[in-house]
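As structure tokens, the structure follows; a few thoughts come after it.
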Amino acid sequence: MVHVFIWLIYISYELGFVAITSRIHITPAPLLIYYGLNISLFYFNAHVLLSFAFLKTRRRYLNSACLIILELAVYLAIKYVLDNLLTGYFTLRSGHLPVSHLYIYENLYRGASFTGLSIAYFSTRYLARFREKAYQEETGRLRAITRNLELENQIFSVENAYLQNQISPHLLFNSLSFIHSAVYKLSDAAGKGIMRLAELMRYSLVSANGTGTIPLPREIEQMENLIALCAMRFPRRILRPGP
């Protein structure tokens, strides 16, 4: 429907320009025949000739140029036959129209004009198809990456669940609590170290929620516990955090 509307505008513009500048009256029958020929040339060049040369051959530009030259030659021959039929040379005069350089130039220019419009139309469609293909490939690549990330996340969740099943959190925390009760009377620093270690173990095993995320304050708290444990091991290298 869009193509019909555009062709109507184009034909109206040409006929209006001819009517204003030369005041030539053209009958409907030849008008339909000639525009039918030119429009056929337009779509044949775009959907058949260029589609074949660009999509099914290797030497795209060379093949396109050769086929367009052949196409214009056939167009001139068909135009010549139509001119003879519509002017009555074949029936009334038993002859043919004279072929001059001006005749060839005018008709070749007309055919080349529609061929150029057809090339622009094909180029627009070709670029749009290329962009759509690139978009689909990029979308497929991103979907593949997303699937890989989801798979890695599932693997991590399974490994974490397996680790949690291997180590009973309650047994571990109860044991650390018992050791803390026995040790803190002898060494307050050792008792604090055991409690910090218990917090780190609790954080590693049971702190993550269903989405696999952890609140930032909780993360900072465990970083402080880790720094404190390292400070206990290497008191001269790491500055102890505040209480």
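What to note about this one:
- Residue check, L151 assigned to a helix (DSSP H, G or I) and either loosely packed, with under 10 Cβ neighbours inside 10 Å or in contact with a helix residue (DSSP H, G or I) (Cβ under 9 Å, 6 or more places away or on another chain) (or both): no
- Checked against the criteria, R131 does not count as farther than 30 Å from S51 by Cα, modelled with pLDDT of 80 or more and under 45 Å from the mean Cα position of the chain (by Cα).
- Those residues of region 59-103 which are β-branched (V, I, T) and at pLDDT below 85, in sequence order: T87, T91, V99
- Hits in region 57-86 - residues which are under 15 Å from S40 (Cβ atoms) and either of a type in the set (G, A, S) or assigned to a loop (DSSP other than H, G, I, E, B) (or both): A77
- Looking at V2, V18, just one residue is over 19 Å from A112 (Cα atoms) and open to solvent by 90 Å² or more (accessible area, probe 1.4 Å), and that residue is V2.
The values are calculated or read from the model by the stated rules, or taken from the named source; none is laboratory data. Please read all numbers here as calculations on a predicted model, not as lab measurements. Counting neighbours? That spans all protein chains shown, and the Cβs are built from the backbone with ideal geometry, glycine included. When the accessible area is computed, the model is the full protein with side chains, heavy atoms only, and any ligands, DNA or RNA have been set aside. Shrake-Rupley method; radii C 1.70, N 1.55, O 1.52, S 1.80 Å.
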